[in-house]
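Heads up, the thing below is written out as structure tokens.
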Amino acid sequence: MNIDIKSWKKFSISKLFVIKSPASRSIKTYTEGQTPYVSSSSINNGIISYLKPKHDLDLERGNCITVSPLDGTSFYQEFDFLGRGGAGSAISMLYNEKLNKYNALFICTVIRLSAQKYNYNDALTSDNLKNLTLLLPILHDRNNNIIFDKNNIYSDEGYIPDWTYMECYMKTLLEKSEKDINILKKIIL
């Protein structure tokens, strides 16, 4: 499945998302539980443990993208979780009301690609994250004319991300992957 990015436009993370940081917390002060503890790990959706929250207010709201400052590793968090806060390798959380698990997976991939220039020595700090730009598909009408937002909510130029395109692309990709996996399972069995 090839993507044509010629008509895509740049969007600043700070215009696309509300950026939040989790409260400063040490994993050592929690007991084992059922709630994911999301850190800057680059595997397992960033989850390094399951803990019991001390209070309901401890939880970070799900339906967000978490970003590691170490390498830009990004994951979609569907459900509420405990996030690694504080200094150093604390995650950042990106919120947008248009986000769902499919378009978030698309955006996570774009964030990882855009953040490749950052590493452990030059971390993706909150300032760097705010200024990070993402190349994304934009909204067009039925005649393929660009639809502009006069309030410039998502970009200074008035471009609007095509949330539906991103969602549909990922759904198609996941369906194809599931079909391929099922074919492989039949071959193995």
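The values are calculated or read from the model by the stated rules, or taken from the named source; none is laboratory data. Please read all numbers here as calculations on a predicted model, not as lab measurements. Methodologically, a virtual Cβ is constructed for each residue, glycine included, from the backbone with ideal geometry; neighbour enumeration extends over all protein chains shown. These area figures cover heavy atoms from the full protein model, side chains too; ligands, DNA and RNA do not enter into them. Shrake-Rupley method; radii C 1.70, N 1.55, O 1.52, S 1.80 Å.
Points worth noting:
- Helical contribution to [θ] at 222 nm, DSSP H n ≥ 4, -39,500 (n - 2.57), averaged over the chain, rounded to 500: -8500 deg cm²/dmol
- Alpha-carbon centroid distance for the pair the range 124-189 / the range 20-83, whole angstrom: 24
- Relative packing of 13-22, 55-64, 104-113, which averages over residues the other C-beta atoms within 10 Å, highest first: 104-113, 13-22, 55-64
- For the residue pairs Lys15/Lys176; Lys54/Lys130; Lys52/Lys117; Lys9/Lys117; Lys20/Lys179; Lys52/Lys179, alpha carbon separations beyond 28 Å are given by Lys15/Lys176; Lys54/Lys130; Lys52/Lys117; Lys20/Lys179; Lys52/Lys179.
- Cα-based helix-to-principal-axis angle, 163-188 vs the chain, degrees rounded to 10: 70
- For the chain, the Cβ-based charge dipole about the Cα centre amounts to some 220 debye (Lys, Arg positive; Asp, Glu negative; other atoms uncharged).
- Placed amide H near Thr73: partners under 5 Å, 5+ positions off or other chain: Ser68
- Legend: calculated FRET efficiency, Asn128 to Glu175, from the Cβ-Cβ distance at R0 = 45 Å, rounded to 0.05, equals 0.80.
- Compactness of the range 38-149 - radius of gyration and Dmax, Cα, Å: 15.5, 54
- HN-Hα J in Hz across the range 138-149 - Karplus 6.51, -1.76, 1.60, θ = phi - 60°, x for Gly and Pro: 10, 6, 10, 8, 5, 8, 6, 8, 5, 8, 9, 9
- Rolling a 1.4 angstrom probe over the protein heavy atoms with all chains in place gives the range 23-157 an accessible area of 56 Å² per residue.
- Portion, in percent, of the accessible area of the chain that falls on carbon or sulfur, probe 1.4 Å: 51
- For the range 1-93, dividing the convex hull volume of the Cα atoms by the residue count gives 124 Å³ per residue.
- Principal-axis analysis of the Cα atoms of the chain puts helix 101-114 at an angle of about 90° to the longest axis.
- Within the chain, DSSP assigns beta bridges of which about 90% are antiparallel (rounded to the nearest 5).
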